1. Considering amide H positions built from the backbone, and no H for Pro or chain starts, which residues 5 or more places from Ser186, or on another chain, come under 5 Å of its amide H?
2. So how strong a dipole does the chain carry about its Cα centre when Lys and Arg Cβ are +1 and Asp and Glu Cβ are -1, to the nearest 20 debye?
3. Go through Ala113, Ala61, Gly199 and say which Cα lies farthest out towards the positive end of the charge dipole of segment 59-267; charges sit on Cβ, +1 for Lys and Arg, -1 for Asp and Glu.
4. What shape does segment 392-466 take by its C-alpha gyration tensor, where a ≥ b ≥ c are the square roots of the eigenvalues and a/c under 1.5 counts as rounded, a/b above b/c as prolate, and the rest as oblate?
5. Each residue of segment 374-390 in order: what ³J(HN,Hα) in whole Hz does its phi give by Karplus 6.51 cos²θ - 1.76 cosθ + 1.60, θ = phi - 60°, with x for Gly and Pro?
6. If amide hydrogens are placed 1.01 Å from N in the peptide plane, which non-local residues have theirs closer than 5 Å to the one on Glu361?
7. Hey, can you rank 195-204, 284-293, 131-140, 55-64 by average C-beta count inside 10 Å, highest first?
8. When a footprinting reagent is the concern and you count Cβ atoms within 10 Å, what order do Met211, Met425 take, fewest first?
Amino acid sequence: MNADRGTGQACGQCAGGTWVARRLSVMIRRVDLRGRVAAGEVLDLQAVHDLVPRAVFDVEAALDVVRPICLDVRHRGIEAIREYGEKFDHVRVEDPRVPAEALKTALEELDPAVRSALEESIRRVREVSEDERGTDVESQPAAGGRVTQRLVPVQRVGLYVPGGRAPLASSVVMNVVPAQVAGVTSLALASPPQKEFGGLPHPTVLAVCAMLGIDEVYAIGGAQAIAGFAYGFEGCRKVNLVTGPGNIYVVAAKRFVQSEVGIDSEAGPTEIAVLADDSADPAHVAADLISQAEHDPMAASVLVTPSETLAAAVEAELAVQVPRTKHHERVSEALGGQQSAVVLVDDLEQGTAVVDAYAAEHLEIQTVDAEERALLISNAGAIFVGGWSPVSLGDYCAGSNHVLPTAGCACHSSGLSVRSFLKAMHVVNYTREALQEVAGHVVALAHAEDLPAHGAAVSVRFKDGT
């Protein structure tokens, strides 16, 4: 494969349809932070996105598009859902409820190897979820006074599974399993109708639903699916919580319906940051960057390293590996976008500070001290430690959840887990004696806030002075 270093197209298609490298294109820009601090510059890592920008993801603009859709679904229900399905998914579905027979058939026809892989993924996610669930906690702040924190499952959840560039059957696992472990008793799932499958969602998605015992499945996509869950429609009760990934219009719809239901997050384009030194294998690093770029042209792939040698080797590997991958055009666009970069830093300490401030959805640490360095990170959706823990493992079979905060939200938010489907509720139980002990404090605080009736609600219980 001949190539020379340049900035042109990474690959081209020959007459036979085989993709070959035209010339060795870096394909990914460089951001050089080396020496800038020593030269007296102050690098504001709180504004790290100015150093390593992310893809533009304008949810506010998308709100203008989805607002009338959501309101139309609220007022016209199933008829609006049918019309939007025909408009956006190019297939009209009279009854969006997927028949039980279709679920059964999809499971029966599922490739045995895929079924085995899904069963193992389910087992691992379920085990981790069960360990994470937690139990009720009882405290006794005073003799005779008890406060119990109960973990109560959300009653009804609507799960969304996208059906665009890839049938994300694994997202069914990541959403359903922790919800089931939490104790959610009513689960509904929506995924876009596919014209090639007779207006049903992708059969692999249906097969996983059957494996997990989810029988309330709808062939509905996009903003209309989110609105249908939030407001309810003929044959589908409204939900309490909506979870699951989707495109910018799905995200915007989730933001719009927040006054009606809870949502898990506003997940944007996927992203990976790799912190690596000379101990990393450049072929592995390049493959990991490509794996996330495969999702979407807006996906972000960022390598942070103090090693010029590694940076050059990874760039060379990208030039070799990208043309060979199935979705090379999508990958090339993502790697060449402003959201992706090779960031050169003075040392691993600066690199650690950069990735921590960047707060990536997925952070890989491939350094000689990877385990110790992972402990220094506060902000990441998930951390993948060492050369044998690629993000792809987490996408499917690590046991962790792959629904994670993006766009820097890992500095304040967590990924989807069993806790996402639980509510914490305090149960207060005081005896007469325990209340009497603290009554004076309650009355004093109530009067300090000019809320005397609050105090009276306590003092009336002891109006006889005892």
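Just so you know, all these numbers are worked out from the coordinates, no wet-lab data involved. Values in this document were obtained by computation on a predicted structure and should not be read as measured data. Counting neighbours? That spans all protein chains shown, and the Cβs are built from the backbone with ideal geometry, glycine included.
1. Val157
2. Details: 39 positive and 61 negative charges, 259 e Å.
Dipole of the chain, to the nearest 20 debye: 1240 debye.
3. Result: Ala61.
4. On the way: a/c = 6.22, a/b = 3.04, b/c = 2.05.
Prolate is the answer for segment 392-466, as a/c is 1.5 or above and a/b outweighs b/c.
5. 4, 5, 7, 8, 9, 10, 6, x, 8, 10, 10, 9, x, x, 10, 10, x
6. Excluding prolines and chain starts, which carry no amide H, the hits are Glu271, Gly381, Ala407, Gly408.
7. Numbers: 195-204: 18.2, 284-293: 24.7, 131-140: 11.8, 55-64: 14.2.
Going by the mean number of other Cβ atoms within 10 Å, highest first, we get 284-293, 195-204, 55-64, 131-140.
8. Details: Met211 20, Met425 11.
Going from least to most buried by this count: Met425, Met211.
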